[in-house]
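The structure appears below as structure tokens.
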Amino acid sequence: MNEKSHGDRRIHLNPAGTGRMPAAVREVLTEWTRFEDRHGPYELDERLEDVLHREIHERLAALLGMPPGDTFLCTGAADAFAAVLSRLPLGPRDRVWTTPYESAANLSAVLALRARTGCRLEVVPLRPDGDLDLEWMARHIGGDVALVCVPHVPSGCGIVHPVEDIGRLLAPHRCLYAVDASYAVGQLPLDAARIGCHLLTGDGWRFLRGPYATGFAGVAPRLRTMLAPHGGLPLAPPHGAAAAALNRALALHPASPPGSDLAPGLRAAVEDTAGTELIAPGRLQSGIVTFRHPDVPAALVRRRLADRGVVVWKTVAEEVPLYLPERGVLTAVRASVHHDNSAEDIEVFAHALKDAVTRPRPLPAPSAPVPVPVDVVPSRPAGPSTARVRAAGRRHLALVPDRTPDSGRPGT
């Protein structure tokens with residue numbers, strides 16, 4: 001439920017960042033944390049044995065559409081992805097595909113894989129509308145493609161990738177298929193069997209509304225067999241009390257996430273606000289809406305919305321370094337909806353956003369002038385913000401390897 005603060009209803013439009021834990025989930029987390037403090041971690045693990053080794057895996061399996069034996073607890077999706085890639089037995093002749101929408105954390109894990117194994121890294125290009133170019137994938141897939149990594153929904157915008165279509169395209173080939181479901185699980189239906197992926201990762205603290213530092217990995221038997229000679233799955237489980245709280249959050253979560261009829265209203269509220277620019281590539285969108293304003297910084301928009309009791313998030317270029325910097329985006333505002341939001345929440349957001357971008361910016365406090373020697377020529381003013389944006393992603397962009405000749409530049 002939305003937070004009550006000082007008698008006013010606080011509207012939470014950031015489940016993509018941190019979902020608000022239901023009271024029952026907080027109670028479980030508090031209860032078992034106190035128990036461990038009193039009795040110690042071994043007693044806690046013994047008391048929670050059935051929850052941690054059976055119950056939560058049955059619930060994860062039902063949520064993800066996979067057998068309970070394929071689910072594993074971890075501290076977060078990015079941790080699981082990096083751990084699996086650290087053991088993959090690839091070589092210099094292998095090709096790895098990622099997308100321009102890859103998160104900085106996952107991209108770092110892919111670059112580490114390349115540094116360790118010498119594999120080639122290729123970025124799947126985009127269609128003009130922002131969707132992944134599946135025709136390019138069909139033309140270039142071959143026996144040397146060893147791994148394909150796709151975020152179901154990226155962190156920096158609300159596009160929904162056709163992970164099932166990609167799975168069918170990849171199925172006849174030897175490559176492993178990894179899907180990051182961090183921003184999809186809990187807001188979109190998931191069926192790992194229909195997706196056809198070998199690795200499905202997700203976080204427990206976003207749309208699932210569990211505690212922080214909880215997550216899961218669905219690992220297919222083929223991938224586990226491949227990893228076994230190289231140390232198996234090096235996944236660190238979450239704290240026992242946190243895992244018990246996640247189990248409670250899964251119990252409260254509907255078996256099929258209801259279709260969000262609030263997302264179109266959220267987008268419309270942004271589009272109806274003068275000067276705002278949606279960052280919404282692709283033909284299919286989720287309940288995540290990202291936007292910016294040319295005259296009002298994202299941090300100021302976020303603070304002004306917070307003053308009106310509306311919680312959103314500021315996203316930065318470095319979070320999606322192959323996509324946002326290429327489009328001149330330095331910072332943006334990200335709003336998202338959960339099934340416990342209401343139409344009234346969207347209406348309040350719409351009015352608060354209009355106020356946030358039309359209110360005059362405060363003038364900086366005057367400061368004493370600094371004397372300048374007469375022989376010093378004043379420097380030219382700083383360049384446009386796009387230069388700073390591109391610099392923000394240059395570190396990652398410089399590490400992206402050669403692409404195939406007709407792949408084009410991602411994001412065209």
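Tabulated data for the structure shown
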quantity	calculated
Dipole of the range 316-361, positive direction: furthest Cα of THR331, VAL320, HIS351, with charges on the beta-carbon	THR331
³J(HN,Hα), Karplus 6.51/-1.76/1.60, whole Hz, each residue of the range 148-153, x for Gly, Pro	10, 10, 9, x, 4, 9
Charge context of ASP70, other residues only, Cβ under 11 angstrom, K/R +1, D/E -1	+2
The range 118-180: translational diffusion in µm²/s, Stokes-Einstein, Kirkwood Rh over Cα pairs, 20 °C, 1.002 mPa s	172 µm²/s
Cβ charges +1 (Lys, Arg) and -1 (Asp, Glu), total dipole of the range 61-146, debye	400 debye
Among PHE216, THR117, GLY130 - extreme Cα towards positive end, dipole of the range 113-236, charges at beta-carbon	THR117
Cβ-placed point charges (K, R +1; D, E -1), dipole of the range 52-100 about Cα centre in debye, nearest 20	200 debye
Whole-number Å³ per residue for the convex hull built on Cα positions in the range 68-178	119 Å³
Volume per residue that the Cα convex hull of the range 143-206 spans, once the total is divided by residue count, Å³	81 Å³
HN-Hα J in Hz across the range 192-202 - Karplus 6.51, -1.76, 1.60, θ = phi - 60°, x for Gly and Pro	4, 5, 6, 5, x, 8, 9, 9, 10, 10, x
Dipole magnitude (debye, nearest 20) for the range 221-362, charges at Cβ of Lys, Arg, Asp, Glu	420 debye
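Read the figures in this text as sums done on the coordinates, not as results from a lab. All values derive from a computational prediction rather than experimental measurement. Don't worry about glycine lacking a Cβ; one is built from the backbone with ideal geometry, like all the others, and counts go over all protein chains shown.
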